[in-house]
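To keep things clear, I will list the structure first and then write my remarks on it.
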Amino acid sequence: MLHRNALAALLALAAAAPAAGGTAASIFYFDHSYRITSGLSESVEEVIKSSASLKLEKVLTELTYTNGDTFLLEGPEDLNARELNATTSYALIEEADAIDGAFSIALPPPGLAETTAAALRENLSPYREVEVRRVQLLRGVSPAGIRFRALRAPWRAAKPLWEPTLRSRLLASAGERLDEFAVFSIPTGLDGINRRMVEEGADKRTAVMLSLGAGGTLAGAVMKAGPARTFEYMRAAGTDIAALEPEDLSNFKTWARAGLLKVSTAAPEFICTNLRITDPELAGLVKPYAVREIGGIRTGFISLVRAHAPAELAGSPFEVWDPRDEKALYRVIDQLRAGEKVKAVVAVSFLKSGELGWLLNFSGIDVLIGPKAWDTESGRSTRVVLRGWEKETHTGPALTVFPDAGGAGVIRLERGPKGSLAALESTPPPEDGREPVFYREQLYMKERIASYFMGSGDSVLPDLRARGGYTIHSFFNLAAALLRRQYAAEAAIVRVKPFSSRVPGEIPSSMVRTWLGPDEPMALALVPGFHLSELLRSAVPEGSDAEAYLGAEYLAVSGLDKSGRLGGLPIVPSETYLTALPAGLTEGKPFVKVLKRPEGAAETLHGAVLGALQEIKDTTPSRLAWEEAVLEAARNVTPPRSVWRLNLRNLSAQMVDTGVRAPGGYDQVNESRISAADQTQMQGSARLFSEFYSESFRLDVGVSADYGKTVLRPKDQPRLTTESVDQLIYSGELVYRWRKFDGRLGKLVAGPYASAAYDTEFARSGDLPLRKVLRGGAGLKLFEGAALQELYAGLSTEQVYTYLPARTKHALETGFRLEMPLPGTALRLSADGNYRLFARSRYDTAADLKERLELNLRLSTRLYGDVMISPFLNFFLASGKKLPGSATNLTTGFALEYSRLFKLKR
């Protein structure tokens, strides 16, 4: 809770103070960032690993407490900050040597401080320095009688209250002795707002309070403060202008969706220059710039954020344009200079370090506030005297400010005799021994942050830094693999949220939650192959740098093997795949069928991943086995597995019955529909196959049937029956998956095949005997392509039992089968064909064929569910060995078709 009454009185007194001298304007800025780094921990770890006498056994990272100059070294779990704040009883145990370095203090075992420091200097030189200093080891007793040990660093300044921090414990064995190196992190940021800054900033005639951000991640994911509390916090600090950072836009998106984001006169003026707002009401809340008259200097303020990925702000009224669009940015500068008549332009940049270079060479900006430098003791002060600044053309800002670890400071603008800028100066906040404003409120925030990232310290991931660590790429592949396993799905998809937080040692569950990002419900759905292929185009790239993932939405996908196949097979656009994915990715997609989650599967991403990680930890017998299990999941390569499915490739039927009833004499009427003969036409086809796939073989066994019949029933004449097609084939084929390759025809598998079939018919054709042919074949085949499903050539032999005695025929055979969507349409093209060239024999008769060609072509579009309407063309050609010419059959028409793939073993 804010101290509203005390702060209001403080601001009222400050507002009544006399104005400062009229030639200077002050911009007081503060931010909302906080950081605890591992500091020297990883460097000390490298020293231990390089030592011949020490062996690193384990690294633990734990929560502890500090009040600035004293660090909790050892104490029971029930010792908290409240007890430490009340403790005044300390006794000196002894003094020891410690190492003072980058944002941390390291306490080596007795006698190892100098050698450790020397090794650190060698490793860190020339960029960082460390120093051996004497510390006091103390024994404390709290008012509740809790005993603890602490380390005091006399050279550091004490704070009024204790706050959470991190301690890394590096356990190293030296022979039979186990030594401990302790490294304490020094937290930086969120130490309240300097009271003198608030007092001087209350005089709006000469000063402006500028907030670098509006709470960011702390107000959103960590504190879940909401807009009312966030705006009240900044208003109570006297904030005039708040430059929005990228995380603020994500918060505003969430608040806007919930209907919480309203324009308020009590809120500061929010600015984000490269932001478009489509909501007219909210357009009044966030503006491209702000203008203030301070100390007689009309000053304009702009703010730039990095370009967001479309998905990051999807569904919100916000759209970020690229800050590197110089024409758009110059239009804003021109509006400030010419339209608003400002004398100074102050730009706040939230761009990453690698994106800042072009802005340093951008004219029209006088002061640039860049990324935070995180200095703790430099106390940077810079003064720039300007002579003829407004008369010359410039290629960059006159003053660039990189805020230190405190995140606060002062920028002063001095006015010359003619009203032009005479000097610019940046300094740290003014000295003030009083407790900062909001110090206690921000201390509470620090405790929430520590709990958010570290929780209870229950580790669910092993320390893998010696084996590559957890990159964004490997972690989200791990998450996707675990999700697929828990949902028993063929594929799993997880949204990638870049992270940069890390701790030495084992990873606690709370940090895993922060890496995963905001929790979201998961769904199990049947996803068509064409949509799954679209999602795969956003697969997470290699790389460990969080900035590499900015500007686009990436997905981690599990279920693919090394060749990019799913279950050893190519992704077929028309096939559906059992997929676990965020529920949000199924919304607005009627072609995705959501199913019931498996019994026992967690409903959300966090629950699924953390549950699977805990199961791995509980079921592995040793630490090495734990590491191997996590590494194997993080590799996210699905091993080859057997797949069995029942494929109803095609089922189609059509039937037409015509009946005519007319008294005598109507046959003379010129109308075919009453003069036609009674007739019935029917035709159908079916293809049903059992398909079994293993790592090395594929076995297809099935039946194909085609039958067409027309029955004419002329009046007072015999019935006439003709067959348009009559074929029944029982077949089986075994293919060896010899080699996979990726060529012009796409990803395919090549291998030899052997086939057998029995070819017959449902009924005899006239007086001819029933066709009975036993056929075998072997050859080489390309198969399992995304479009080209098979292309083969080989030899076949037939044992014909149609006539007696039976005869044997030999032939060269080739064929193909393909299926593909037609781009830009809802049509699918299916085609197959077979050609046989028979060898001559001295037993040839007029019934023997020389060659046989069959081609089938169809275009299909979905009518309802799995029912398709398909125009088709079937062509058959045959030429005889003893007969002249050739005979053909061309059939065209439309058919209703049904097909269904039953995945018996996914």
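The table below lists the values:
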item	result
For segment 37-186, fraction of C-alpha pairs farther apart than 18 Å, in %	56 percent
Surface/4 of the Cα convex hull for segment 287-387, nm²	8.8 nm²
Degrees, to the nearest 10: 41-50 long Cα axis against longest axis of the chain	70 degrees
For peptides 503-515, 779-791, sequence by mean Cβ density within 10 Å, most packed first	503-515, 779-791
Whole-angstrom gap from segment 87-110 to segment 221-300, using each part's C-alpha centre	44 Å
Paired Rg and Dmax values of the chain, which use every Cα atom, in angstrom	39.0, 129
Relative contact order %, the chain, counting alpha carbon pairs below 8 Å whose residues are six or more apart	8 percent
Relative contact order %, segment 387-525, counting alpha carbon pairs below 8 Å whose residues are six or more apart	21 percent
Pairwise Cα inverse-distance average, inverted: Kirkwood Rh of segment 690-827 (Å)	17.9 Å
Which of 438, 762, 402 has the fewest Cβ neighbours within 10 Å, and the rest in rising order	762, 402, 438
Segment 612-664 and segment 717-767: distance between their alpha carbon centers, rounded to Å	26 Å
Spacing of the two label points (7 Å from each Cα toward its C-beta) at residue 93 and residue 520, in nm	4.9 nm
DSSP-loop GluC sites (Glu not before Pro) across segment 555-608, with at most 14 other Cβ within 10 angstrom	587, 599, 603
Between segment 683-700 and segment 140-172, the alpha-carbon center distance in angstrom	70 Å
Segment 456-635: relative contact order in percent, alpha carbon pairs under 8 Å with at least 6 residues between	37 percent
Alpha-carbon Rg with Dmax, taken over segment 456-635, Å	15.9, 48
Within segment 176-274, GluC sites (Glu not before Pro) in DSSP loop having at most 14 other beta-carbon neighbours inside 10 Å	176
Amide H within-cut-off set for residue 552, under 5 Å, with H built and near neighbours excluded	309
Among 37-45, 748-756, the order from most to least packed when residues are scored by Cβ within 10 Å on average	37-45, 748-756
Between 0 and 90°, nearest 10: helix 4-15 axis offset from the chain longest Cα axis	60 degrees
682, 454 arranged by Cβ crowding within 10 Å, fewest neighbours leading	682, 454
Label-point gap, in nm, between residue 847 and residue 337 - each point 7 angstrom along Cα→Cβ	9.8 nm
Cβ-derived FRET efficiency at R0 41 Å, residue 128 paired with residue 283, nearest 0.05	0.30
Trypsin sites (Lys or Arg not before Pro) lying in DSSP loop within segment 807-856, provided at most 16 other Cβ fall within 10 Å	840, 842
Burial ordering of 655, 445, 197, 522, fewest other beta-carbon atoms within 10 Å first	655, 445, 197, 522
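Read the figures in this text as sums done on the coordinates, not as results from a lab. Computed from a predicted structure; not experimentally measured. Methodologically, a virtual Cβ is constructed for each residue, glycine included, from the backbone with ideal geometry; neighbour enumeration extends over all protein chains shown.
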